[in-house]
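The values are calculated or read from the model by the stated rules, or taken from the named source; none is laboratory data. As the structure is a prediction and not an experimental result, all values here were calculated from the model. Neighbour counts are summed over all protein chains in view; Cβ atoms, including those assigned to glycine, are modelled from backbone coordinates with ideal geometry.
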Amino acid sequence: MDKDFLTLCKKAQEIINSTNNSSPSLLMVRLGISHSDAINILEQLKNPSDSNTQIESGLSFSDYDNLDGHSFEYFCAEILRYNGFTKIKVTQGSGDFGVDILCEYNGISYAIQCKCYSSSVGNKAVQEVFSGKAFYNCNKAVVITNNYFTAAAEETARLTDVELWDRHRLKELFLIAKNNGYTPKKY
């Protein structure tokens, strides 16, 4: 993949993260690119191909699908670190009030619950992280998974303002982390 294209993808991801807006028009204006280039970048960020997520060590994004819960939390923490999150703390295993990672991004505090599942994540995870957000006095609550979410989880998240980061979003973060120097490893 062309280095300039990867650089544009990284800048686009930063814009999307900071504005919470992934419109082609925004990328066209901010990056000074054509509509077709903006669409290509958004497609790359939504669906990075296996060749783009394959890494020198032989590990690929899908190699992280079989991690145990705590290892997945450390994997997510590393990915977040290489995406510009700071003050990252993986909480203790039990008594964490539904929060696995505490961190900040641009001065905004996050309570994150990580779910490495072989099936869709239900609304219990959303309810737990919503409560954990209040307990830890965070600005935002997120559930991040290597899979997807049930309709009930999506509805609960909408009502509670919890962000859901599914497999596509995690893969985007993985690609950005890799482009920022992250070297995938076994957890």
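Considering ILE112, ILE88, ILE108, which residue is out of contact with any helix residue (DSSP H, G or I) (no Cβ under 9 Å at 6 or more places or on another chain), among the aliphatic types (A, V, I, L, M) and modelled with pLDDT of 95 or more? Spell out how you get there, then give the answer.
Values: ILE112 fails: out of contact with any helix residue (DSSP H, G or I) (no Cβ under 9 Å at 6 or more places or on another chain); ILE88 fails: out of contact with any helix residue (DSSP H, G or I) (no Cβ under 9 Å at 6 or more places or on another chain).
Only one candidate qualifies: ILE108.
Scanning region 13-37 for residues that are more than 24 Å from ILE79 (Cα to Cα) and in a helix (DSSP H, G or I) yields PRO24, SER25, LEU26, MET28, VAL29, ARG30, LEU31, HIS35, SER36, ASP37. Scanning region 154-171 for residues that are in contact (Cβ under 8 Å) with a residue 12 or more places away in the chain and part of a helix (DSSP H, G or I) yields GLU155, THR156, ALA157, THR160, ARG167, HIS168, ARG169, LEU170, LYS171. The one condition from (1) surrounded by fewer than 19 Cβ atoms within 10 Å (Cβ to Cβ); (2) on the phi > 0 side of the Ramachandran plot; (3) in contact (Cβ under 8 Å) with a residue 12 or more places away in the chain that GLY107 does not meet is (3). Answer yes or no as to whether CYS76 is out of contact with any Leu (no Cβ under 6 Å at 6 or more places or on another chain), in a loop (DSSP other than H, G, I, E, B) and in contact (Cβ under 8 Å) with a residue 24 or more places away in the chain. It is false that CYS76 is out of contact with any Leu (no Cβ under 6 Å at 6 or more places or on another chain), in a loop (DSSP other than H, G, I, E, B) and in contact (Cβ under 8 Å) with a residue 24 or more places away in the chain.
Residue-wise test of (1) part of a helix (DSSP H, G or I); (2) surrounded by 20 or more Cβ atoms within 10 Å (Cβ to Cβ); (3) within 18 Å of the chain's Cα centre (by Cα).
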residue	(1), (2), (3)
ALA134	yes, no, no
CYS138	no, yes, yes
ASN147	no, no, yes
ALA152	yes, no, no
LEU173	yes, yes, yes
ILE176	yes, yes, yes
GLY181	no, no, yes
PRO184	no, yes, yes
